[in-house]
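Here the structure is laid out as structure tokens; the discussion comes afterwards.
The values are calculated or read from the model by the stated rules, or taken from the named source; none is laboratory data. Note that the coordinates shown come from a computational prediction; the quantities given were computed from them, not determined experimentally. Using ideal geometry, Cβ is built from the backbone for each residue, glycine included, and neighbour counts are taken over all protein chains shown. Ligands, DNA and RNA are excluded from the accessible area calculation, which covers all protein heavy atoms including side chains. Shrake-Rupley method; radii C 1.70, N 1.55, O 1.52, S 1.80 Å.
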Amino acid sequence: MDFFARPADVVAPELLGAVFTWNGVSIRLTEVEAYLGEDDPASHASRGLTRANAALFGPPGLMYVYHSYGIHKAGNIVCHPPGGSGGVLLRAGEIVAGQELAVSRRGSVPTHKLASGPGNLGKALGLRIEDNSQPVQLVLPKTEVPFVRGPRIGITKNAQAPLRFWILGEKSVSARKRPPCRIW
């Protein structure tokens, strides 16, 4: 897909408001983070090509799924120019279809928390390591969505980089919020 064959920090804000569907659940994306490949110390691609991170070096528009904190599955959409690597982490979203299935996977939590945070989003979607390198199912928003850009969270390397994007005021956005760099 040509849309995803661009740097992750360019694609990431354009994914806000998109509806992402996986394993019977559809989520309107409200928060994402860009990881810029081999030159970004926080990116799994910075380690070089391995069997585990090969999807990040593969064709854009596929999923990269990995273990987060050993128990959760987190998902990225592979985004990078030809010959590169990188992806956009799906951090949070609002369930717009398949809520009963998401609840069965996540348990009894407030609706706005079903897909809040990468591990919870992965669980609500039923992400599995076997989903690695599968094509994404996504409907982009018809109009541009205003967003906030700020530092990434939940990482230690290159955390100050303003590569986290979210829709201001959305309840599903991760609870930990740093001051934004700029509202777009």
Original post:
Cα to Cα, under 16 Å, and not fewer than 8 places away if on the same chain: which aspartates and glutamates meet these conditions relative to LYS142?
Top reply: GLU14
Original post:
By its C-alpha gyration tensor, with a ≥ b ≥ c as the square roots of the eigenvalues, how is region 106-164 shaped: rounded for a/c under 1.5, else prolate for a/b larger than b/c, else oblate?
Top reply: rounded
Subject >> Overall form of the chain per C-alpha gyration tensor (a/c, 1.5; a/b vs b/c) >> reply: rounded
Original post:
Out of region 1-69, which chymotrypsin sites (Phe, Trp or Tyr not before Pro) are coil in DSSP terms and have no more than 16 other C-beta atoms within 10 Å?
Top reply: TYR69
**OP:** Specify the inter-centroid distance of region 36-93 and region 102-117, based on alpha-carbon positions, in whole Å.
**Re:** 24 Å
**OP:** May I ask you to give the percent of accessible area on the chain that is carbon plus sulfur, with a probe radius of 1.4 Å?
**Re:** 56 percent
Subject >> Per residue solvent-accessible surface (Å²) - region 11-101, probe of 1.4 Å >> reply: 38 Å²
Original post:
Any idea what the dipole of region 8-167 comes to, in debye rounded to 20, about its Cα centre with Lys/Arg Cβ at +1 and Asp/Glu Cβ at -1?
Top reply: 420 debye
